[in-house]
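**Student:** Structure below; questions to follow.
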Amino acid sequence: MPPFISDYLILIWVLLSVLSAGIALCLRFTRLQGIELIGYGAGAGVVVHGMFGVLIALNRHLRHSVGLLAICAAALALGYLIRRRVWRDLKATLSAPLRLALMLWLLLLMSCLALAHVDVRWPEVLPDGQFVFKKHTLNVKIQYLVGLPADNSIPHIVTEFFLRDVSFKKEHPILPENEVSNRTILMSLVALPFRAVLGWDQGPQNSLGTFPYVGKEWPDVEKLSDDKSINHLFIIGLFLNSLMLLGLLVLFSNFDAPKSIPVAALLYITNPYFIGQTIFTWPKAMAGFFVLLCWNSARRNHDPKIVGLAAALAYHCHPASLAVAGGVGLCYGMRAWRQKSGFRPVIEYGAVFLLMILPWLVWIRFVLHLPTNLLAQNLSGAGSADLIASPINFVWVRFHNVMVSLIPVSFIVYPFDLTGVVYYAMHCLPTVVGLFLIVPALQECAQRWKSERMFLLYGMLLPAAAILLVFSLPARPVLYGWQPMVGALLFLGVLRLRRNFSALTYGAVIVAQVICNLAVLVARGFLVGAPFG
């Protein structure tokens, strides 16, 4: 079977397995309907497969049994949904714009998977820094396409450590200067039951040995990077990252302009930034999905325990989501203080959040005995401005990050350099949201400030500021936890354009933005040598 076809078959399996298991659970135990049933069902399906992954992580010898159990559970769930005629019910409860938006989500999945098969013109030398590994594997190709470092290799490495019985204690760090304890591992746990089946004959891995990099010796984790396992993790990670668009559909289905949703989805799937965040399998877009469910549940006054669960799942995708969890917790606290309504919601939210993240903390601190220095790397690591030695630069680097993040730097690159222009187009807030959308988006935020303060202040602004202030070195926060904020701004911009402009003007602006998106996408393809003929 051609690899292209087998990749799509694996994607369909992953999609049906996660969605059917989760939707069946939500249908059985909740009253959710329509897009919320699909969105929260996807979240529940991720949790179910993550639990299967935990069983494999605890005992590698159970991998075949757990993999088959996951298949049987998904098959039973799918049968249950067919018996309940859930597809007919969804068709009745989903509006036409939402059905179209869901089709665009599926189109995002198919087009991003196709990108993995695009040929590139490799540079003669893959420089240190961005490229830890030098073989032309799929992971390295995605790093080259997107222009980001080796972080997308982490979920694959962690998955293979569990599957091949490699010791995290003996073989560490998993990447140069990066311990497994620095980043939570939900994506890897979800991938494990699928990898257990797809890599049925995978045996244990002997000692990894070492490889030289930047003058030091590190565990040679590249021995785990065979083409099949990388490809499997890429497909699973691609699906999980694509869920952020589904989260946006859930959140904005409860706003007052549902007809703007498919247009916003179209701009999302043509946006080079969101395409990059989908195919680059660090789980920050996956974390964004759970952040969006957290915002939606808080905004809809769901049980605080559900909000805390969503926040904890976002943290289990990536620790940067801790900023959002803190913002939502602060919102509950301020609401209790101002309304004199008691602190029970705050306690329930905090208790569920802490209970959910406790196993991770116990594992890394008391089982692995590994340090967690991700915050220290960004706050006071190599190359950062030191508060004592250089207090002016300690403050100034934060102003620098604010300015570079909030203005369209592409237009002040001089002399003209296509590489620099495209780089900033994919790393600065105005251009990743959309040049024609950023001003309407900010106007919409200002108009909704009072009615949507929980969402805008505690969900978006304060967490975004907290993430920005962490960095004591030049950084691009749109890459480090701002993903759901950027998606929300895109949807808010489209919403305002549709409501406040004539149909002709609205259509012209949307077409102009799509052209801008495609122009940056084509320019990036040109820079990496992608064939256009």
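**Student:** Could you list, in sequence order, the residues of the range 507-521 that are open to solvent by 20 Å² or more (accessible area, probe 1.4 Å) and either at pLDDT below 95 or in contact with a helix residue (DSSP H, G or I) (Cβ under 7 Å, 6 or more places away or on another chain) (or both)?
**Tutor:** Correct list: Val509, Val514, Leu518, Val520, Leu521.
This table checks each residue for (1) at pLDDT 90 or above; (2) over 26 Å from Val14 (Cα atoms); (3) surrounded by fewer than 16 Cβ atoms within 10 Å (Cβ to Cβ).
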residue: Asp128; (1), (2), (3): no, yes, yes
residue: Leu145; (1), (2), (3): yes, no, no
residue: Arg164; (1), (2), (3): yes, no, no
residue: Glu171; (1), (2), (3): yes, yes, no
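**Student:** Which of (1) under 26 Å from Gly333 (Cβ atoms); (2) outside any loop (DSSP other than H, G, I, E, B); (3) open to solvent by 20 Å² or more (accessible area, probe 1.4 Å); (4) modelled with pLDDT under 95 does Leu462 not meet, given it meets every other one?
**Tutor:** Answer for Leu462: the failing condition is (4).
**Student:** Counting only residues that are of a type outside the set (A, V, I, L, M), more than 29 Å from Phe526 (Cα to Cα) and open to solvent by 70 Å² or more (accessible area, probe 1.4 Å), how many does the range 94-120 have?
**Tutor:** Qualifying residue count, the range 94-120: 1.
**Student:** Does Ser65 fit the bill of being in a helix (DSSP H, G or I), within 20 Å of Leu249 (Cα to Cα) and of a type in the set (S, T, N, Q)?
**Tutor:** no
Rundown of residues vs (1) under 20 Å from the mean Cα position of the chain (by Cα); (2) among the β-branched types (Val, Ile, Thr); (3) more than 19 Å from Asp151 (Cα to Cα), yes/no style:
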position: Trp200; (1), (2), (3): no, no, yes
position: Pro204; (1), (2), (3): no, no, yes
position: Val221; (1), (2), (3): no, yes, no
position: Leu233; (1), (2), (3): yes, no, no
position: Leu251; (1), (2), (3): yes, no, yes
position: Phe255; (1), (2), (3): no, no, yes
position: Tyr268; (1), (2), (3): yes, no, yes
position: Lys284; (1), (2), (3): yes, no, no
position: Ser297; (1), (2), (3): yes, no, yes
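**Student:** Checking the structure you have, find out if any residue of the range 245-268 is part of a helix (DSSP H, G or I) and closer than 17 Å to Asn152 by Cα. I'd like the intermediate steps shown before the answer.
**Tutor:** Kept after step one, since they are part of a helix (DSSP H, G or I), are these residues of the range 245-268: 245-252, 258-268.
Subsequent filtering for residues that are closer than 17 Å to Asn152 by Cα retains none.
Checked against the condition, which is being part of a helix (DSSP H, G or I) and closer than 17 Å to Asn152 by Cα, the range 245-268 yields no hits at all.
**Student:** Now for a different question. Residue by residue through the range 381-416, note down the ones that are at pLDDT 90 or above, in contact with a Phe, Trp or Tyr (Cβ under 9 Å, 6 or more places away or on another chain) and open to solvent by less than 90 Å² (accessible area, probe 1.4 Å).
**Tutor:** Answer for the range 381-416, where residues must be at pLDDT 90 or above, in contact with a Phe, Trp or Tyr (Cβ under 9 Å, 6 or more places away or on another chain) and open to solvent by less than 90 Å² (accessible area, probe 1.4 Å): Asn401, Val404, Ser405, Pro408, Val409, Ser410, Val413.
**Student:** Among all residue pairs at least 6 apart or on different chains, which show Cβ distances below 9 Å where the first residue, located in the range 175-201, is touching a residue at least 24 places away in the same chain (Cβ under 8 Å) and the second is basic (Lys, Arg) and buried (at least 24 other Cβ atoms within 10 Å of the Cβ)?
**Tutor:** Leu192/Arg63; Pro193/Arg63; Arg195/Arg63; Ala196/Arg63; Val197/Arg63; Gly199/Arg63; Trp200/Arg63
**Student:** Okay, moving on. Of everything in the range 123-150 that's among the aromatic types (Phe, Trp, Tyr) and in contact (Cβ under 8 Å) with a residue 40 or more places away in the chain, which residue is nearest to Asp227 (Cα to Cα)?
**Tutor:** Phe133
**Student:** Could you list all residues from the range 357-373 that are part of a helix (DSSP H, G or I) and either in contact with a Pro (Cβ under 6 Å, 6 or more places away or on another chain) or surrounded by fewer than 17 Cβ atoms within 10 Å (Cβ to Cβ) (or both)? Give the derivation first.
**Tutor:** At the first step, the residues of the range 357-373 found to be part of a helix (DSSP H, G or I) are 357-367.
Across the range 357-373, the qualifying residues are Leu358, Pro359, Leu361, Val362, Trp363, Arg365, Phe366, Val367.
**Student:** Those residues that are open to solvent by 60 Å² or more (accessible area, probe 1.4 Å) and part of a helix (DSSP H, G or I), I need them from the range 488-506; list them, please.
**Tutor:** Listed by number, the residues that qualify are Arg498, Arg499, Asn500, Ala503, Leu504.
The values are calculated or read from the model by the stated rules, or taken from the named source; none is laboratory data. Keep in mind the model is a prediction, meaning the values are calculated, not measured. Cβ atoms come from the backbone with ideal geometry, glycine included; neighbour counts cover every protein chain shown. We work out accessible area using only protein heavy atoms, side chains counted, and drop any ligands, DNA or RNA first. Shrake-Rupley method; radii C 1.70, N 1.55, O 1.52, S 1.80 Å.
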